[in-house]
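The structure appears right after this line, and notes come after that.
The values are calculated or read from the model by the stated rules, or taken from the named source; none is laboratory data. Fair warning: this is a prediction, and the values are worked out from it, not measured in the lab. Positions of Cβ are generated from backbone atoms using ideal geometry, with glycine treated the same way; all protein chains shown enter the neighbour counts. All accessible areas refer to the heavy atoms of the entire protein, side chains included, with ligands and DNA or RNA removed. Shrake-Rupley method; radii C 1.70, N 1.55, O 1.52, S 1.80 Å.
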Amino acid sequence: MEIREIKTFLQAAQSGSFVKAAQSLGYSQAAVTIQIKHLEEELGTVLFDRIGKQTQLTESGRTFEGRAKRILREIEEAKAEIGNQGEIKGELRIGTIESIGAVLMPELITKLHQDYPLITVELELDSPPNLLERLNKNQLDIVYLMEKQVRDMNFVKVMEIPEEIVAVTNAAHPLANRDSLSLDEILSQHVILTEKGASYREALEQFLLERGQEVNPFLTIGSTEFIIRYLKGKEAFSFLPMFTIRKEVAEGFLKPIEVEDFPAGNSPLTMYRQLLYRKDKWVNPQMQAFIDIVKKGTAK
C-alpha cells in the first residue's frame, strides 16, 4: 500500500469521480483506476461502486476513508516532528472574502512571509458559502470570513470577533454634519452597495423588508476598495464593515453615521469575523503560524 494510492483514494472519495480525481492530481484516468484497483486487491474488498458515471463509496470504502485520513495525518505529523526544527515550510491554502482580502490580508501575509519565508500561500477570494463548502472538501486549509456566526460541528472556530457594519458617507456630504440619520434619510440619498449575497447586504435587505422598506442602490459592485474610493470622491452613502474604513475615517475623508432605526447596541447588521478549519484537519505548522499571526494582530 503506497501513500500516493491512499491520496488518490481520498481524492476520488471526495470528488465522487475518478475523472475529477485524475484532473486534480495530474494523473490519467487509467492511472487512478489502476491505483484504486491495487488498493482493493490489497485490502480484499471493493471500495467504490461504479454505476454508470457515478462513483460512490461502498460501506468498506467509507470505513477505509476514516482510516486513510488518519494515516495521512500521522504521516504529516511525523514529517513535521523529524523535519528541521524551527524551519516552518510548506503550502498554505487560505480562503477569505473580498473585504478582508483587500484590507486585512496584505499586512497579515506580509507578516507571515517575514516570519516564515519558506511558507508559500495560495489565497482564494470567494463568498462565505463557497468558502465553507471548499473548506469542507479540503480544498482550503483555513478560512477567514465575515458572516453570521457559523455553527457547524464540522468546523473548529479559533477566532470570533463581532464586527460593526456602519452607514458611511463622504465627510463633505451635506448630511455628514449629523451624527445620526434615519434610514429614510439615508435611503433617499445616492446609495452604493456591495453585491447581492454579501452577508451584511442580506441582513440590511431583510431588516428593511420586515419594515416594508427597500433599498435601491444606484451602483452595485463586489469591490469594497472601489466603494471606499468612490465615497472619498463623491457624495453618496454605503454600508460597510467598520474595519474597512478606519484609515479613511481617521484621515478625515469618510464619516460613519449612526442609524437611528437600529436598536441601540444591537444592530441587525452586526457580523462576525471568524477563523475556521475542518475539525478532522491536522493543524500543520504553517496553519498554526497563520492562526497565531491573525490572533496577535487582532489583540492589538
Residue in the stretch 122-144 that is open to solvent by less than 60 Å² (accessible area, probe 1.4 Å), within 21 Å of LEU276 (Cβ to Cβ) and among the β-branched types (Val, Ile, Thr) present: yes
Lone unmet requirement of (1) at pLDDT 90 or above; (2) under 26 Å from the mean Cα position of the chain (by Cα); (3) part of a helix (DSSP H, G or I) for PHE239: (3)
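Residue by residue through the stretch 59-72, note down the ones that are surrounded by 13 or more Cβ atoms within 10 Å (Cβ to Cβ) and within 21 Å of ASN138 (Cα to Cα).
Taking the stretch 59-72 as the starting set, the residues that turn out to be surrounded by 13 or more Cβ atoms within 10 Å (Cβ to Cβ) are 60-61, 63-65, 68-69, 71-72.
Matches in the stretch 59-72: GLY61, THR63, PHE64, GLU65, ALA68, LYS69, ILE71, LEU72.
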Of residues in the stretch 11-21 being part of a helix (DSSP H, G or I) and open to solvent by less than 30 Å² (accessible area, probe 1.4 Å), the one nearest to THR58 (Cα to Cα): ALA13
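Search the stretch 40-58 for residues being open to solvent by 40 Å² or more (accessible area, probe 1.4 Å) and within 32 Å of the chain's Cα centre (by Cα), and hand back the single one that is farthest from GLN14 (Cα to Cα). Quick ask: steps written out before the conclusion?
Step one: of the stretch 40-58, the residues open to solvent by 40 Å² or more (accessible area, probe 1.4 Å) are 41-46, 49-54, 56.
If we keep only those that are within 32 Å of the chain's Cα centre (by Cα) too, we end up with 53-54, 56.
Details: LYS53: 15, GLN54: 13, GLN56: 10 Å.
By that ranking, first place goes to LYS53.
Results for (1) acidic (Asp, Glu); (2) farther than 21 Å from PHE262 by Cα, shown as yes or no for each residue.
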position	(1), (2)
ALA172	no, yes
LEU175	no, no
GLN189	no, no
ALA198	no, no
GLN206	no, no
GLU210	yes, no
VAL215	no, no
ILE221	no, yes
THR224	no, yes
Residues (closer than 18 Å to LEU269 by Cα, assigned to a loop (DSSP other than H, G, I, E, B) and either over 21 Å from the mean Cα position of the chain (by Cα) or modelled with pLDDT of 90 or more (or both)) located in the stretch 195-235: ARG211, GLY212, GLN213, GLU214, VAL215, ASN216, PRO217
Subset of the stretch 251-280 that is within 16 Å of the chain's Cα centre (by Cα) and not hydrophobic (A, V, I, L, M, F, W, C) - its residue that is most open to solvent (accessible area, probe 1.4 Å): LYS279
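If I ask for residues that are small (Gly, Ala, Ser) and closer than 30 Å to SER238 by Cβ, which ones from the stretch 269-300 would you list? Full working, then the answer.
Taking the stretch 269-300 and keeping what is small (Gly, Ala, Ser), we get 289, 297, 299.
Answer for the stretch 269-300, where residues must be small (Gly, Ala, Ser) and closer than 30 Å to SER238 by Cβ: GLY297, ALA299.
Being under 30 Å from the mean Cα position of the chain (by Cα), open to solvent by 40 Å² or more (accessible area, probe 1.4 Å) and either among the β-branched types (Val, Ile, Thr) or over 30 Å from GLU248 (Cβ atoms) (or both) narrows it down to one of GLU87, GLU107, so name that one. Steps first, please.
Working: GLU107 fails: either among the β-branched types (Val, Ile, Thr) or over 30 Å from GLU248 (Cβ atoms) (or both).
Checking each option against the conditions leaves just GLU87.
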Residue among LYS37, LYS69 that alone is in a helix (DSSP H, G or I) and under 30 Å from the mean Cα position of the chain (by Cα): LYS69
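Filter the stretch 270-286 down to residues that are among the β-branched types (Val, Ile, Thr) and either closer than 19 Å to THR298 by Cα or assigned to a helix (DSSP H, G or I) (or both), then give me how many there are. Write out each step before concluding.
Let us first name the residues in the stretch 270-286 that are among the β-branched types (Val, Ile, Thr), namely 270, 283.
The next check asks that each one be either closer than 19 Å to THR298 by Cα or assigned to a helix (DSSP H, G or I) (or both); those that pass are 270.
Matching residues across the stretch 270-286 total 1.
Looking at the structure I just gave you, is LEU112 in contact with a Gly (Cβ under 9 Å, 6 or more places away or on another chain) and surrounded by 14 or more Cβ atoms within 10 Å (Cβ to Cβ)? Break it down stepwise before answering.
Values: in contact with a Gly (Cβ under 9 Å, 6 or more places away or on another chain): no; surrounded by 14 or more Cβ atoms within 10 Å (Cβ to Cβ): yes.
No; evaluated as a whole, the condition is false for this residue.
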